[in-house]
């Protein structure tokens, strides 16, 4: 089933961490397996890297901790070698980290170099995007990663009921649109031409970190945008190219978009005002933030809507 | 095992307080009113059922339903219920007899399997509105989502605004009157029933054809609009089943594909 949510403050910022937690937690019944956030803080000159060195349910063998520490040091060493000036590397959980660096080189080269460290997966990379995801419900993930109080402009989130792949962090949403900085996707649905597109995109040199069909959307959009498409154009093309049932949201540093398949098989409720747009699989998620009577509607089949700041 | 279990779980696996009627309604001149803002789904439904079935109240106002799911399901009694706010998914299902007004919007699958009565939604409705509707009148003054009246078996659905894809999908009986535009695949795979559309039709579904307008159509539409105070009906087009797809001949399924 899964539940997705998005919120964008079109003028100004807010505690989007707490807002998104409230939205996702109200839809806990749509997916208890994992929860994830793509949060956009105020843009900074530093590059924020969210990465993990193991999965939540990896077996804890005797040298697990020592190995993680060794790999963390290797990540830091590689950051230096590639020309990044490390500002800070913080350990968020036993296996997840947040690094801030000064770096103006090629983002793909940076991501590839880090991901060749055993067990390393770059969850997000950008000047304002931070992807946080883990097993458990939204409140648990928020508590683990201290999401509450995250001041930002917009965010998307996901609660997952795993149907297409394992229950692990790699299968959790959102997906970063590797190698594009500051682009992420959440998805509710199933893609039936997943393997076809995965083969095509891998042939073009794209990389996948999971067996989850939803990752295709992020990589697909990234490739289209690398060819010069805008986010909105890429999303329109996805309606033609992707088969199956889906409602997905995509975010960039200054925009939030949503797309529904031609059958409108997956729900989305939308609230829009001059200064705030909020959407979710269920209206209760929007009310968890607004807490008052609101007018909402369901976007129609084949619709692509994009809001910018 | 000993001791009582103080927490129960609803169908979604969420913890709910033990099922007890909250008794929060105030009753004046035979009319009950209660605020649902701080009540769970189960408490709202228990309060409703207690008022209608145990206390015999026939006029109930539910304030602040807060778009919660599965509200007001299975009311099998002639009565009036007014929801001041919005309902979530699967609201008002399996009802038989009540006259209901919702001042806000409703989520997916409102009035599923409704048997009789009148339901008026003042704003929009989600997808699957009136799914498997069997009788009664369901009026949505705003827009509706996809697959309105899927598997409809009777009754009348009136929509003031637009409708999404696959409106009337696999419809078997009953009527739909859509005043606005409808999305693609109107009446796809319908068996019977009638679809009236005031706006544009993006495309017809499999085995749906435009029908010939008769005096009986005029009488029906005018009567429904008059009963519900909807003013004069606009010009409408009529769509019905072409009766080529299902059970109308002795062709094998593989042969039907060639026919259609």
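Bear in mind that the values in this text are calculations on the coordinates, not laboratory data. Computed from a predicted model, the values in this text were never measured in an experiment. Every residue, glycine as well, gets a Cβ built from its backbone with ideal geometry; the counts of neighbours run over all protein chains shown.
How far is the Cα center of the range B:206-245 from the Cα center of the range B:111-149, in Å?
Going from one Cα centre to the other spans 17 Å.
Which residue, B:41, B:139, B:157, has the most motion in a Gaussian network model of chain B that connects Cα atoms within less than 10 Å?
Its mean-square fluctuation being the largest, the pick is B:41.
Jot down the per residue volume, in cubic angstrom and as a whole number, of the convex hull over the alpha-carbon atoms of the range B:124-260.
It comes to 96 Å³ per residue, whole-number rounded.
Within 10 Å of each Cβ in peptide A:257-270, how many partner chain Cβ atoms are there on average? Round it to a whole number, please.
4
Angle, helix A:64-81 long axis vs. longest principal axis of chain A, Cα atoms, 0 to 90°, nearest 10?
90 degrees
Please state the equivalent ellipsoid semi-axes for chain A: what are the square roots of 5 times the Cα gyration tensor eigenvalues, largest first, in whole Å?
29, 21, 19
Tell me the angle of helix B:215-227 to the major Cα principal axis of chain B, expressed in degrees between 0 and 90 and rounded to the nearest ten.
20 degrees
Can you pull the one-decimal nm distance between simple spin-label points at residue B:38 and residue A:273, each 7 Å off the Cα toward Cβ?
Placing both labels 7 Å along Cα→Cβ, they lie 2.4 nm apart.
Measure nothing but the geometry: give the 0 to 90° angle between the long axis through the Cα atoms of A:194-203 and the longest principal axis through the Cα atoms of chain A, rounded to 10°.
The helix A:194-203 is inclined about 40 degrees to chain A.
Tell me the volume per residue, in Å³, of the convex hull enclosing the alpha carbons of the range A:257-300.
Normalising the Cα hull of the range A:257-300 by residue number yields 74 Å³.
When the Kirkwood radius is taken over all Cα pairs of chain B, what Stokes-Einstein diffusion coefficient follows at 4 °C and 1.567 mPa s, in µm²/s?
67 µm²/s
Send over the per residue convex hull volume for the range A:44-127, Cα only, as a whole number of Å³.
79 Å³
What FRET efficiency comes out for residue B:26 versus residue B:76 if R0 is 22 angstrom and r is the Cβ-Cβ distance? Round to the nearest 0.05.
After rounding to 0.05, the efficiency reads 0.35.
Just need the Rg to Rh number for the range B:96-136, please, alpha carbons only, Kirkwood Rh.
For the range B:96-136, the value is 0.94.
Please compute, over every Cα-Cα pair in the range B:59-193, the percentage with a separation greater than 21 angstrom.
Distances greater than 21 Å cover 29 percent of the Cα pairs.
At 222 nm, what value in deg cm²/dmol follows for the protein assembly as shown if DSSP H runs of at least 4 each add -39500 (n - 2.57) and the sum is divided by all its residues, to the nearest 500?
My calculation for the protein assembly as shown gives -6000 deg cm²/dmol from helical runs alone.
Which one of B:89, B:53, B:196 has the biggest mean-square fluctuation once chain B is modelled by GNM with Cα springs under 10 Å?
B:53
Provide the descending list of Cα extents for the protein assembly as shown along its principal axes, expressed in whole angstroms.
Taking max minus min along each principal axis of the Cα atoms, the protein assembly as shown gives 83, 65, 50 Å.
Shape verdict for the range A:177-309, please, from the Cα gyration tensor: rounded (a/c under 1.5), prolate (a/b greater than b/c) or oblate.
prolate
To the nearest 0.05, how large is the calculated FRET efficiency for residue B:232 and residue A:166 if R₀ is 56 Å and r is the Cβ-Cβ distance?
E between residue B:232 and residue A:166, to the nearest 0.05, is 0.40.
Shape verdict for the range A:1-70, please, from the Cα gyration tensor: rounded (a/c under 1.5), prolate (a/b greater than b/c) or oblate.
Oblate is the answer for the range A:1-70, as a/c is 1.5 or above yet b/c matches or exceeds a/b.
Of the DSSP beta bridges with both residues in the protein assembly as shown, give the percent that are antiparallel, rounding to the nearest 5.
Of the beta bridges lying entirely in the protein assembly as shown, close to 65 percent run antiparallel.
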